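Let me begin by presenting the structure, written as structure tokens, before commenting on it.
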Protein chains: 2
Amino acid sequence: RILLYIHRELKGKPEIFRTSLKKLGIGTFSRIATIQQDTPVIVALNIFLARRVSALPIVDDAGVVLDVYAKYDAIHLARERTYNNLDITVSAALKQRLKVEGIVTCLLENSLGEAISLIATNHVHRLVVVDEGNHLVGIVSLSDILSFLIRPSLSTSQC
Amino acid sequence: RILLYIHRELKGKPEIFRTSLKKLGIGTFSRIATIQQDTPVIVALNIFLARRVSALPIVDDAGVVLDVYAKYDAIHLARERTYNNLDITVSAALKQRLKVEGIVTCLLENSLGEAISLIATNHVHRLVVVDEGNHLVGIVSLSDILSFLIRPSLSTSQC
Ligand SMILES: Nc1ncnc2c1ncn2[C@@H]1O[C@H](COP(=O)(O)O)[C@@H](O)[C@H]1O
Ligand SMILES: Nc1ncnc2c1ncn2[C@@H]1O[C@H](COP(=O)(O)O)[C@@H](O)[C@H]1O
């Protein structure tokens with residue numbers, strides 16, 4: 001259960017932090033699971049589990065991003081007294097201040113360094129990537145960034 | 001892409017919230033991925049990605065839980081200036097206040113309602129389940145609880 005790694009290659013390569021997400025290809029840009037404002041929370045929960053994602057962008061009919069609903073937001077609804085409320089819509093749930101993280105967006109042109117800063121300073125687990133018109137383009141999550149950072153460097157052997 | 005659900009069965013069943021995690025069988029209790037205090041962050045990152053989990057209990061040789069290292073904790077290390085520091089140990093990283101969530105533990109005897117309250121009030125994404133001697137027993141994550149809450153009630157059909 002001991003793993004050995006070599007990640008020396010990336011050391012002293014700060015230029016990757018100045019390279020755009022687009023160029024680095026970091027994130028998910030197809031088959032994004034989304035919901036709408038009137039989606040019931042119970043439906044969102046099922047999508048979280050079926051798709052194994054931790055958040056769903058809330059979009060309008062034109063694909064414009066309005067907000068994001070995170071798995072963690074649902075825990076407040078799961079309390080005994082409010083449990084019957086899983087039928088309410090995500091927008092109603094978010095209005096009831098049952099919200100933890102907010103939405104933080106970025107552009108494909110943002111650099112990896114900017115994306116990391118946005119995640120760290122806003123205490124969010126993912127960025128919703130939008131275009132100039134705020135249309136949904138993709139998701140860049142913590143997992144995507146961490147995988148990227150260790151991927152080229154990875155040299156694993158099981159002992 | 002519209003899903004229909006029936007979760008009426010669970011309604012008016014507050015007794016499940018008073019039932020223990022043990023009885024309800026909520027959580028993961030075997031093959032828990034753990035690390036030790038001297039595990040390098042880069043090794044922890046690889047375990048996150050290989051095991052697809054969001055946090056790793058830090059245990060000592062006797063299996064006593066000392067802390068937990070979450071995927072999100074690593075984002076602060078991934079910043080440009082500290083990036084070379086992925087070699088440092090998890091305990092050194094946690095000492096540098098690069099910590100977001102703390103560790104919150106519970107017992108198998110705690111009820112589902114207590115577990116939900118602990119998660120919601122401490123802003124953590126999972127509980128580390130321990131025994132009376134603080135030895136690692138398992139993990140109860142947000143995903144485990146949400147799956148449980150929608151599972152018995154689930155009646156899905158794709159329209
Ligand atoms: N709503 C979503 N639809 C599709 N993919 C997503 C969504 N949210 C996150 N992802 C991707 O799923 C993977 C795991 O995401 P997460 O567990 O949310 O960090 C990452 O590669 C994300 O880019
Ligand atoms: N360190 C771990 N080792 C084994 N299973 C875990 C660990 N952390 C979480 N899990 C389980 O993995 C699933 C997803 O966890 P998470 O993405 O952390 O919410 C849940 O069923 C958890 O109980």
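The values are calculated or read from the model by the stated rules, or taken from the named source; none is laboratory data. Every value quoted in this text rests on a predicted model; they were computed, and no experiment measured them. With ideal geometry, Cβ positions are generated from the backbone for all residues, glycine too; neighbour counts draw on all protein chains shown.
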Across (1) of a type in the set (Ser, Thr, Tyr); (2) under 21 Å from residue B:136 (Cβ atoms); (3) within 14 Å of chain A (Cβ to nearest Cβ), residue B:105 clears everything bar (3)
State yes or no: is residue B:102 modelled with pLDDT of 95 or more and either within 14 Å of ligand 2 (Cβ to nearest atom) or not in a helix (DSSP H, G or I) (or both)?
no
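Filtering segment A:57-71 down to residues that are under 20 Å from residue A:132 (Cα atoms) and of a type in the set (A, V, I, L, M), which residue is farthest from ligand 2 (Cβ to nearest atom)? Break it down into steps so the answer makes sense when it comes.
Start the filter on segment A:57-71 by keeping residues that are under 20 Å from residue A:132 (Cα atoms), which leaves A:57-68.
Pick out the ones that are also of a type in the set (A, V, I, L, M) and you get A:58-59, A:62, A:64-66, A:68.
Values: A:58: 22, A:59: 24, A:62: 32, A:64: 29, A:65: 24, A:66: 26, A:68: 18 Å.
Out of the qualifying residues, it is A:62.
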Across segment A:23-63, the tally of residues that are assigned to a strand (DSSP E or B), β-branched (Val, Ile, Thr) and touching a His at 6+ places or on another chain (Cβ under 9 Å) stands at 1
Log entry, pairs with first residue in segment A:132-149 being farther than 26 Å from residue B:86 by Cβ, second being of a type in the set (Ser, Thr, Tyr), beta carbons closer than 8 Å, six or more apart or on different chains, reads A:134/A:105; A:136/A:34
Among residues of segment A:73-95 being without any contact (Cβ under 8 Å) to a residue 40 or more places away in the chain and under 18 Å from the mean Cα position of the chain (by Cα), the residue farthest from residue A:142 (Cα to Cα) is A:94
Residues in segment A:47-66 that are more than 10 Å from ligand 1 (Cβ to nearest atom) and buried (at least 19 other Cβ atoms within 10 Å of the Cβ) total 3
Of the residues in segment B:115-149 that are farther than 18 Å from residue A:72 by Cβ and away from ligand 2 (no atom under 14 Å from the Cβ), the one that is nearest to the other protein chains (Cβ to nearest Cβ) is B:135
Exercise. Got at least one residue in segment B:98-113 being closer than 30 Å to residue B:17 by Cβ, in contact (Cβ under 8 Å) with a residue 60 or more places away in the chain, among the small types (Gly, Ala, Ser) and away from ligand 1 (no atom under 16 Å from the Cβ)?
Worked result: yes
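Counting only residues that are hydroxyl-bearing (Ser, Thr, Tyr) and not in a helix (DSSP H, G or I), which one in segment A:105-154 is modelled with the lowest pLDDT?
Looking at the filtered set, the residue picked out is A:153.
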With the first residue restricted to segment B:19-35 and required to be within 13 Å of residue B:137 (Cβ to Cβ), and the second required to be of a type in the set (Asp, Glu) and surrounded by fewer than 16 Cβ atoms within 10 Å (Cβ to Cβ), Cβ contacts under 6 Å at 6 or more apart or on different chains are B:20/B:109
